[in-house]
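> Got a structure for you, questions after.
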Ligand code: UD1
């Protein structure tokens, strides 16, 4: 298995082009199942999660072609021949469950593995299923699979989500586009990726309103058609490079970024003494003085994103003073703290709260990526550490970062891949 070896280097300098958003592209690919017509999706990064989604779509009988260099994918879900998800592909990725809503709406049946828990929490799909049942579906769960079906077309209803779950909002929104009548999703998630999915659905002929607020209204249509769509830039990848610039005291320009999606990150970086500047070419990030500590709490959008929490812990580990980080979205998302401690960080965890005393410098160590963002946090810490760092289990990182080592090398980092 591959590992990353990172040597201490200079502050990062230069520019980096942000890829398409993983968390936008996965639901959009699932949405292609809503129509028999061909869809073209642009700005699709060839991430391992994207490859798993292709396997899944092909397993249902869709024809998929992917120009990995041009980052354009064509999907035609003409006549599907299976309503049973490829168990292996679905098991590898929680986002596979996003195919349930479209298939249930179009074919009135689907059989798909229940996503298991993962390192960062139990991550149930009860809210997705509750929504489907309200729209008129029935369900049976056995042998680790959930079977969903409906004798007649789904019917629009009011769906109140107990928590503004991103995945549940997307799944119910997709199912509702082909339901009879009007669906209102209340306490809906408002993440930019929800808006990107809604934009794509509208291009397919769906009537979706209110995305980006906590109430989404969908008037169901009999049929949707093919569409062409360009995926939004990845705000978490952008945020990762912002923290990379900040932690090394560098000066980096992000190209192809939507600054308004990064407001909570920019605000928190400002508290840490990191400057951002909108230029004609993109978003510039730089730091001159010592990093200041921060207090942050993860929240649904527009709050501070949970996917940036581990990265900010790396920053807090070398800031001058005491930082407090509270994780409210996932119940077990501090696994990176143990690995950061191996690099000399001073972190105490009490339930969902982490207290970090900044140290003058971290030291390189052999560490393990425990999940996607935790792995990225280790890379950033290694960039600012004394001595070499080896990061194993980097397959987690490749699920969500496109060519991260090339992008960092272009900014001056000394990072290479080795086969262990
Ligand atoms: C998505 C993102 C992930 C991000 C997360 C929160 C994708 C592919 N992934 O994940 O990167 O960290 O949003 O911003 O877009 N929950 C339930 N029942 C449910 C659904 C969720 O209890 O039916 C809980 C989860 O366990 C978690 C919380 O709600 O504690 C948030 O989960 P959710 O917003 O659904 O995250 P995902 O869509 O899985």
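> Considering each of 54, 41 in turn, give the residue that is more than 15 Å from the chain's Cα centre (by Cα), within 16 Å of the ligand (Cβ to nearest atom) and not in a helix (DSSP H, G or I).
On inspection, the qualifying residue turns out to be 41.
> Quick check on this structure: which one of 185, 129 is within 9 Å of the ligand (Cβ to nearest atom) and not in a loop (DSSP other than H, G, I, E, B)?
Result of the check over 185, 129: 129.
> Report the residue count in region 311-330 for those that are within 16 Å of the ligand (Cβ to nearest atom), under 21 Å from residue 8 (Cβ atoms) and assigned to a loop (DSSP other than H, G, I, E, B).
Total meeting the criteria: 0.
> With a cut-off of at least 3 residues that are without any contact (Cβ under 8 Å) to a residue 24 or more places away in the chain, name the strands (runs of 3 or more DSSP E) lying wholly within region 343-415.
Values: elements: 346-350, 353-357, 366-368, 389-392.
Output list reads 346-350.
> Quick check: is even one residue across region 60-82 closer than 28 Å to residue 191 by Cβ and modelled with pLDDT under 95?
Looking through region 60-82, none of the residues is closer than 28 Å to residue 191 by Cβ and modelled with pLDDT under 95.
> Out of (1) over 30 Å from residue 380 (Cβ atoms); (2) surrounded by fewer than 18 Cβ atoms within 10 Å (Cβ to Cβ), the odd one out for residue 230 is which?
(1)
> Go through region 141-170 and report how many residues are part of a strand (DSSP E or B), surrounded by fewer than 19 Cβ atoms within 10 Å (Cβ to Cβ) and either touching a residue at least 60 places away in the same chain (Cβ under 8 Å) or under 28 Å from the mean Cα position of the chain (by Cα) (or both).
5
> Follow-up question, since we're still on this one. Conditions: (1) more than 17 Å from residue 396 (Cα to Cα); (2) within 16 Å of the ligand (Cβ to nearest atom). Residue 333 meets all but one. Number of the miss?
(1)
> Another question, if that's okay. When region 2-20 is examined, which residues are found to be within 18 Å of residue 365 (Cβ to Cβ) and assigned to a loop (DSSP other than H, G, I, E, B)?
Within region 2-20, 8, 9 meet the criteria.
> Can you spot a residue in region 202-221 that is away from the ligand (no atom under 16 Å from the Cβ), within 25 Å of residue 35 (Cβ to Cβ) and part of a helix (DSSP H, G or I)?
There is at least one residue in region 202-221 that is away from the ligand (no atom under 16 Å from the Cβ), within 25 Å of residue 35 (Cβ to Cβ) and part of a helix (DSSP H, G or I).
> Looking at (1) buried (at least 16 other Cβ atoms within 10 Å of the Cβ); (2) in a helix (DSSP H, G or I), can you tell me which one residue 260 breaks?
Against the list (1) buried (at least 16 other Cβ atoms within 10 Å of the Cβ); (2) in a helix (DSSP H, G or I), residue 260 comes up short only on (1).
> Further question on the same structure: Looking at (1) within 15 Å of the ligand (Cβ to nearest atom); (2) farther than 19 Å from residue 406 by Cα, which is the only condition residue 20 fails?
Failing condition for residue 20: (2).
Let's see how each residue does on (1) modelled with pLDDT of 95 or more; (2) touching a strand residue (DSSP E or B) at 6+ places or on another chain (Cβ under 8 Å); (3) surrounded by fewer than 24 Cβ atoms within 10 Å (Cβ to Cβ); (4) within 19 Å of residue 243 (Cα to Cα):
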{"residue": "312", "(1), (2), (3), (4)": "yes, yes, no, yes"}
{"residue": "325", "(1), (2), (3), (4)": "yes, yes, no, yes"}
{"residue": "351", "(1), (2), (3), (4)": "no, no, yes, no"}
{"residue": "359", "(1), (2), (3), (4)": "yes, yes, yes, yes"}
{"residue": "366", "(1), (2), (3), (4)": "yes, yes, yes, no"}
{"residue": "376", "(1), (2), (3), (4)": "yes, no, no, yes"}
{"residue": "399", "(1), (2), (3), (4)": "no, no, yes, no"}
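> On to the next question. Would you mind finding the one in 90, 100, 137 that is away from the ligand (no atom under 12 Å from the Cβ) and at pLDDT 95 or above?
137
> Which one of these is over 18 Å from the mean Cα position of the chain (by Cα) and within 15 Å of the ligand (Cβ to nearest atom): 105, 198, 95, 175?
Selected residue: 175, the only one of 105, 198, 95, 175 that is over 18 Å from the mean Cα position of the chain (by Cα) and within 15 Å of the ligand (Cβ to nearest atom).
> For region 171-188, give me each residue that is surrounded by 23 or more Cβ atoms within 10 Å (Cβ to Cβ) and farther than 16 Å from residue 34 by Cβ.
Matches in region 171-188: 185, 188.
> Go through region 378-397 and count every residue that is surrounded by 24 or more Cβ atoms within 10 Å (Cβ to Cβ) and within 18 Å of residue 332 (Cα to Cα).
Final tally of qualifying residues: 1.
> Name the residues in region 227-260 that are closer than 13 Å to residue 308 by Cα and in contact with a strand residue (DSSP E or B) (Cβ under 8 Å, 6 or more places away or on another chain), would you?
234, 238, 241, 242, 244
> Tell me, please, whether a residue that is away from the ligand (no atom under 16 Å from the Cβ), outside any loop (DSSP other than H, G, I, E, B) and closer than 26 Å to residue 8 by Cα can be found in region 303-310. Quick ask: steps written out before the conclusion?
Pass one, region 303-310, residues away from the ligand (no atom under 16 Å from the Cβ): none.
No, there is no match, as no residue in region 303-310 is away from the ligand (no atom under 16 Å from the Cβ), outside any loop (DSSP other than H, G, I, E, B) and closer than 26 Å to residue 8 by Cα.
The values are calculated or read from the model by the stated rules, or taken from the named source; none is laboratory data. These figures come from a predicted structure and were not determined experimentally. Cβ atoms come from the backbone with ideal geometry, glycine included; neighbour counts cover every protein chain shown.
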